Structures are given as structure tokens and as C-alpha cells.
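Comments concern the structure below.
Where a number appears in this text, it was derived from the coordinates with a stated rule and is not lab data. Given the structure is predicted, the values throughout are model-derived calculations rather than measurements. Counting neighbours? That spans all protein chains shown, and the Cβs are built from the backbone with ideal geometry, glycine included.
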Amino acid sequence: MRQVVLDTETTGLEVEQQHRVIEIGCVELFNRRLTGRTYHQYLNPERDIDEGAQQVHGLTREKLARAPTFSQVHREFLEFIRDAELIIHNAPFDVSFLNAELARIESAHKVDDLSRVLDSLALARQMHPGQRNNLDALCKRYSVDNSHRDYHGALLDARILAEVYLAMTGGQANLTLSAESDTARSRARQAAPARLSGGARITVIRPSENEMAAHEHVLALLDKVSGGKTVWRKL
């Protein structure tokens, strides 16, 4: 499954006031693994940037004066996200701004027509009701390092969100072979195999305590997200 973690920076908070996208950052996941492919683009908004927004991302109109406009790069951007599931924190905000940019150039496309959209903020609120669920809070909750995040940046925040999403939905480490897991499997294969009738042998590989704990963690998360509708808890 191909997923793209996406973030934007803008000139302000109100798309209705003709605020514009000034940075797009995307990180690609395939089968819950980072592929190393990214899309990153600064954009010339052709308008002033609100002072409050500048304090968040540090971008000024002068810094972006030589950047391309959205109309010049939109085809490459749309091709990168096409047919992927987009993971966006507070998705309605970013999608509305990107769709406004597409409408401005009279494109026939909308972001949510080309890609499925998963709002990681809505997912976090479902998993952690009544708690803070902004990106900084989730980094702290899931032990994701964001100490290098002096300013918001679209690509940086997309990379951080990718780590948070993987941890929040089961953890990348639980879905890849770690050195510890390889060692445990090696020890298990060296154990004396059981015998079947007729002399055939089978090898019994038992999970380590850490693997069992990781498995239970994933099951608990799925059970919580489904609202207690998982079958295995009823068996």
C-alpha cells in the first residue's frame, strides 16, 4: 500500500481571505516503510505573508520571490500524490488550501479526487479523547524526537508526522525485522525440532517476550480504534 505523508505552510490561516500555499512537503511510505522518496517545493505566493505565520515557519515574501508559482509545479505535485493515501494532520486545512490553489489555476482536479485522505488529527482524537493531539504533543506521547524543530517546515513536519503515524498505528519497529528479532529467530531455529509421525520434523519458533508485548500493543490499539469491535477480544 502506497501512502504519502503531506504537510503545507501557508501565508495565513484563512483560505477565504485568499491566503496561499508557500511550501509543500511529502514523504512516501510503501507497506509502512519509508521509501526515501520525497516531494518538496517552496512556492512564490505573489502576496504578503501574515506576521503571525512568519513567526511559525520563518518564511518571508522576500525569501520566496524567486520560487516558482503553484501553477508552474502543480503537475509534478499531483503526479506524486496520485492514487496514494494521503496522511495529513488536520487534513481539512491543508486540503482546502491545495484545492483553492488548483481552483485558482482552473484545474479540473481536486486533491481528494486523486487520493484518499486520512486525517491523523481525527485519528489521534479518537485514540486519545480529551488530550492534546497536536504534533508536538504526539511526539512527546510516542517518544518521537522533534528537538530539531525550531520552525515549522512542510518537509520536516511531514517526516515527523510519518514517524508519529507509524508509532500511533502500531509502530514501524513492530513491523520490521530488528536485530533482536533476528537473533531470537536464529536461536529458535537451532533448538531441537519436534518430530511428527513418520519421522518428519517441524521447527517450533516461539516469540520472545518483547515480541509478545509488541503484538499485544498492536492488538490493543486496533481494539481501541475499532471501539471494541475486534473479534479476537471476544473469543
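Things worth noting here:
- Placing a label point 7 Å from the Cα of Phe30 along the Cα-to-Cβ direction, the residues of segment 73-96 whose backbone N falls under 17 Å from that point are 79-86.
- Local net charge near Leu138, Cβ-Cβ under 15 Å (Lys/Arg +1, Asp/Glu -1): 0
- Amide N of segment 67-95 lying under 15 Å from the label point, which is placed 7 angstrom from the Cα of Arg37 along Cα→Cβ: 76-87
- When segment 70-175 is described by a simple charge dipole with +1 on each Lys and Arg Cβ and -1 on each Asp and Glu Cβ, the residue from Thr169, Ala91, Leu102 located farthest towards its positive end is Thr169.
- Rounded to the nearest 20 debye, the dipole size of segment 1-90 about its Cα centre is 460 debye, using +1 on the Cβ of Lys and Arg and -1 on the Cβ of Asp and Glu.
- Value in Å of the Kirkwood radius, where segment 31-130 supplies the Cα pairs that are averaged: 15.5
- Which of Asp48, Asp113 has the fewest Cβ neighbours within 10 Å, and the rest in rising order: Asp113, Asp48
- Look at the dipole of segment 2-173 built from charges on Cβ: of His152, His128, Cys26, the Cα furthest out on the positive end belongs to His128.
- Our estimate of slack between Ser143 and Ser96, defined as 0.36 nm per intervening residue step minus the Cα-Cα distance, is 13.9 nm.
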